[in-house]
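Enquirer: After the structure tokens below, expect a handful of questions from me.
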Amino acid sequence: MDKRDYLEDMARKIRYYTMDEIGRLGVGHVGGCLSLAELLAVLYFGEGMRVRPEEPGWPERDRLVLSKAHAGPALYAALALKGYFPLEELHTLNRPGTKLPSHCDMNRTVGVDMTAGSLGQGYSCAVGMAKAAKIRGYDACVFAVIGDGEAQEGQIWEASMAAAHFKLDRLISFLDWNGKQIDGTVDEVMSLRDPAEKWRAFGYHVQTVDGHDVSAVSDAIRQAKADTEAPSMIILKTTKGKGVSFVEAAGCGNHNMPLTPEQTRQALDELAGR
């Protein structure tokens, strides 16, 4: 199996375990989880992040801030597959006493670098973490993921202005540009118009790629790391609910959707190629 095939397989597994954990609960943020599978595969199993699952608190590790923290179940699947905790723990998603709440919590989940959930705030934390790493002289990268609906928050743009001002070249950000949010399409609710031009105007190194092409995502991360003058924004053109037919077909309705046992079995069969 070559590298591309391996990463595509890991993305499929991330989707599989994400649907399994949400399906066991019966409801969850399915759409925005499934759109991130390729990115998470590249970050944790490709050339993206420098981490040590056996030493999750390693000071010089790369960090990931999932500012669109409702996609936590997808991150949990990636962390479990990477070896941070047993896969069986995914079955406790959002249940009483769980270490895996629906939105990411660094105080409860091993491998989670920053608590998030109030949209916009996680990105400010990522900027602060990148600034701290620069002060300490670490060459660690801080990776941050924001949603396109989240980018309607003013705090995103305040944080972006600071990141460019301080030349935080080790801040590598991703916009999950799937075009949908809970109340409708992004263009209907509050259009971003041309997000690439916006971040370029702020002083970022900007790339736009197919977010479901693991090779394109990998290449974009390599280019971002090579830029030592500016923070990076990689705009991922994605499909909300990617990989499961009835979830994709639900459109904006897949933001937070219930799943029957029959739907869960269908999703798992599709992802397993059955």
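The values are calculated or read from the model by the stated rules, or taken from the named source; none is laboratory data. All figures in this text were calculated on a predicted structure; none of them were measured in a lab. Because the Cβ atoms are built from the backbone with ideal geometry, glycine has one as well, and the counts that use them run over all protein chains shown. Heads up: the accessible areas ignore ligands, DNA and RNA and are worked out on the full protein's heavy atoms, side chains in. Shrake-Rupley method; radii C 1.70, N 1.55, O 1.52, S 1.80 Å.
Enquirer: Which sequence of Trp157, Trp177, Trp199 reflects their accessible areas, 1.4 Å probe, from the largest down?
Expert: On the way: Trp157 50, Trp177 80, Trp199 0 Å².
Sorted by accessible area, descending: Trp177, Trp157, Trp199.
Enquirer: With every protein chain present, what accessible area does Phe246 have (1.4 Å probe, heavy atoms only), rounded to the nearest 10 Å²?
Expert: Counting only protein heavy atoms, Phe246 exposes about 40 Å² to solvent.
Enquirer: Averaged per residue, what accessible area in Å² does the stretch 10-61 show with a 1.4 Å probe, protein chains only?
Expert: Details: 1660 Å² over 52 residues.
Per-residue value: 32 Å².
Enquirer: Heads up, I need the accessible area for Thr109: 1.4 angstrom probe, whole protein in place, Å², nearest 10.
Expert: 10 Å²
Enquirer: Ordering Glu38, Glu60 by accessible area with a probe of 1.4 Å, largest first, what comes out?
Expert: Values: Glu38 15, Glu60 85 Å².
Reading off the accessible areas and sorting them downward yields Glu60, Glu38.
Enquirer: Which lysines, if any, have their Cα less than 28 Å from the Cα of Lys225, not counting same-chain residues under 8 positions apart?
Expert: Reachable lysines: Lys3, Lys13, Lys68, Lys82, Lys131, Lys134, Lys167, Lys198, Lys237, Lys240, Lys242.
Enquirer: Rounded to a whole number, what % of the accessible area of the stretch 48-156 do carbon and sulfur atoms account for, probe 1.4 Å?
Expert: Working: 2070 of 4280 Å².
Within the stretch 48-156, the accessible surface is 48 percent carbon and sulfur.
Enquirer: Given Cβ point charges of +1 (Lys, Arg) and -1 (Asp, Glu) and nothing else, what value in debye, to the nearest 20, does the dipole of the stretch 4-163 about its Cα centre take?
Expert: Values: 17 positive and 20 negative charges, 50 e Å.
For this selection, approximately 240 debye.
Enquirer: Glu55 versus Lys3, label points 7 Å from Cα toward the beta carbon: distance in nm?
Expert: Roughly 2.5 nm, to one decimal.
Enquirer: On a 0 to 90° scale, report how tilted helix 214-226 is relative to the longest principal axis of the chain, with both axes built from alpha carbons and the result rounded to the nearest 10.
Expert: That helix lies at roughly 20 degrees to the long axis.
Enquirer: Write down the accessible area per residue of the stretch 168-272 in Å², having rolled a 1.4 Å probe over the full set of protein chains.
Expert: Working: 4620 Å² over 105 residues.
Roughly 44 Å² per residue, with all protein chains present.
Enquirer: Of the DSSP beta bridges with both residues in the chain, give the percent that are antiparallel, rounding to the nearest 5. Don't skip to the answer; put the middle values down first.
Expert: Values: 4 of 26 bridges.
Of those bridges, close to 15 percent are antiparallel.
Enquirer: Once ligands and nucleic acids are excluded and a 1.4 Å probe is used, how much of Met19 is accessible, expressed in Å² to the nearest 10?
Expert: 0 Å²
Enquirer: A further question on this structure: Could you give the length gained on full extension between Arg24 and Glu262, defined as 0.36 nm per residue of separation minus the Cα-Cα distance, in nm? Let's see the in-between values first.
Expert: Details: separation 238, 0.36 × 238 = 85.68 nm, distance 1.12 nm.
Computed gain between Arg24 and Glu262 is 84.6 nm.
Enquirer: Oh, and also: So which residue, out of Ile156, Ile135, Ile235, gets the largest mean-square fluctuation from a GNM of the chain using Cα contacts under 10 Å as springs?
Expert: Most flexible of the set in this elastic network: Ile135.
Enquirer: If each residue of separation counts as 0.36 nm, what is the full-extension length gain between Ala249 and Thr98 once their alpha-carbon separation is subtracted?
Expert: On the way: separation 151, 0.36 × 151 = 54.36 nm, distance 3.11 nm.
Value of the extension gain: 51.2 nm.
Enquirer: Could you tell me how far the Cα centroid of the stretch 89-166 sits from the Cα centroid of the stretch 14-29, in Å?
Expert: The two parts, judged by their Cα centres, are 22 Å apart.
Enquirer: Using a 1.4 Å probe on the protein heavy atoms, what percent of the accessible area of the stretch 205-245 belongs to carbon and sulfur?
Expert: Details: 660 of 1460 Å².
It is 45 percent, rounded to a whole number.
Enquirer: Along the stretch 59-64, what does the Karplus equation 6.51 cos²θ - 1.76 cosθ + 1.60 (θ = phi - 60°) give for ³J(HN,Hα), rounded to whole Hz, x for Gly and Pro?
Expert: Values per residue, Gly and Pro as x: x, 9, 6, 6, 10, 10 Hz.
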